[in-house]
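Quick notes on the structure that follows.
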Amino acid sequence: MILDWDGTVCNSEQRITRCMQRASDRVGLPVLEPAAIGQIIGLGLPEAIAALFPEAHSEQRALLRDYYAEEWLAARAEPLSLFDGVLATLDRLLTAGHQLAVATGKSRRGLNSEFEVHGVGHLFLSSRCADETASKPDPRMLNEILRETGYPVAQAVMVGDTEYDLKMAAAIGMDAIGVSYGVHDRARLHGCGPRQIIDHFSELLEWPPLVA
């Protein structure tokens, strides 16, 4: 099971939004509404900035990346929470013999920090971040995880809250599960052809291929 992080495992939408708003204000770019920023959560940071601020020149985009990283680090004093039921569900999946991985738009530094804060890094067999491979919806990170773990695509499933997660799975014929509690709504997720859309993380235990 390959899991997206932000919006699927970790409840981070509000912090991402606030940090992007503060960073864009520092650069002198428009301070966008939370709903607009939420739509790009899941992309790598350079891709997200390009989508949000197509009018920005290269120096502004570089500054925005730096300022966003500063704002994110400054906010770390208040740890983010995992969604309800995540830890118990991961434990039950592992006990049942399933393997776990992460495919995220976060940076490696950011994901490792989250692993450390929540003490969960050891639960995952593999992980890929947007700053070490291609950003979603390019499926490269999924292919790299499969090669590293030795699993064929038919024995893997991608779980995520955005169309970027579901589209990269569809690109290589991988099953996907959408989660409704993240940033993209059900209609948008349905349009990407997931096998199922769930409303709570623990429902992963009910998906037929994952039942022990």
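The values are calculated or read from the model by the stated rules, or taken from the named source; none is laboratory data. None of the values given here were measured: they were computed from a predicted structure. Don't worry about glycine lacking a Cβ; one is built from the backbone with ideal geometry, like all the others, and counts go over all protein chains shown. What goes into the accessible areas is simple: the full protein's heavy atoms, side chains included, and nothing from ligands, DNA or RNA. Shrake-Rupley method; radii C 1.70, N 1.55, O 1.52, S 1.80 Å.
Summary of computed values
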item: Among the candidates Ile41, Ile37, residue that is touching a helix residue (DSSP H, G or I) at 6+ places or on another chain (Cβ under 8 Å) and touching a residue at least 24 places away in the same chain (Cβ under 8 Å); result: Ile41
item: Filter result for Leu205 (modelled with pLDDT under 95 and outside any loop (DSSP other than H, G, I, E, B)); result: yes
item: In the stretch 96-111, the residues that are in contact with a Phe, Trp or Tyr (Cβ under 9 Å, 6 or more places away or on another chain) and without any contact (Cβ under 8 Å) to a residue 40 or more places away in the chain; result: Gly110
item: Identity of the residue in the stretch 69-94, closer than 16 Å to Glu116 by Cβ and exposed (fewer than 15 other Cβ atoms within 10 Å of the Cβ), that ends up nearest to the chain's Cα centre (by Cα); result: Ser81
item: Of the criteria (1) under 23 Å from Asp131 (Cα atoms); (2) surrounded by fewer than 16 Cβ atoms within 10 Å (Cβ to Cβ); (3) within 17 Å of the chain's Cα centre (by Cα), which one Asp185 fails; result: (1)
item: Selection from the stretch 18-33 of residues that are in a helix (DSSP H, G or I) and open to solvent by 10 Å² or more (accessible area, probe 1.4 Å); result: Arg18, Gln21, Arg22, Asp25, Arg26, Val27
item: Within the stretch 135-169, considering residues that are in a loop (DSSP other than H, G, I, E, B) and without any contact (Cβ under 8 Å) to a residue 60 or more places away in the chain, the one least open to solvent (accessible area, probe 1.4 Å); result: Pro139
item: Qualifying residue in the stretch 112-121 (condition: over 22 Å from Leu205 (Cα atoms), in contact with a strand residue (DSSP E or B) (Cβ under 8 Å, 6 or more places away or on another chain), buried (at least 22 other Cβ atoms within 10 Å of the Cβ) and not small (Gly, Ala, Ser)); result: yes
item: Failed condition for Ala56, given (1) in contact with a Lys or Arg (Cβ under 7 Å, 6 or more places away or on another chain); (2) of a type outside the set (Ser, Thr, Tyr); (3) part of a loop (DSSP other than H, G, I, E, B); result: (1)
item: Flag for Gly193 being open to solvent by 40 Å² or more (accessible area, probe 1.4 Å), in contact (Cβ under 8 Å) with a residue 24 or more places away in the chain and not in a strand (DSSP E or B); result: yes
item: The stretch 95-111 - residue that is assigned to a helix (DSSP H, G or I) and either out of contact with any helix residue (DSSP H, G or I) (no Cβ under 8 Å at 6 or more places or on another chain) or among the acidic types (Asp, Glu) (or both) and, of those, surrounded by the fewest Cβ atoms within 10 Å (Cβ to Cβ); result: Thr95
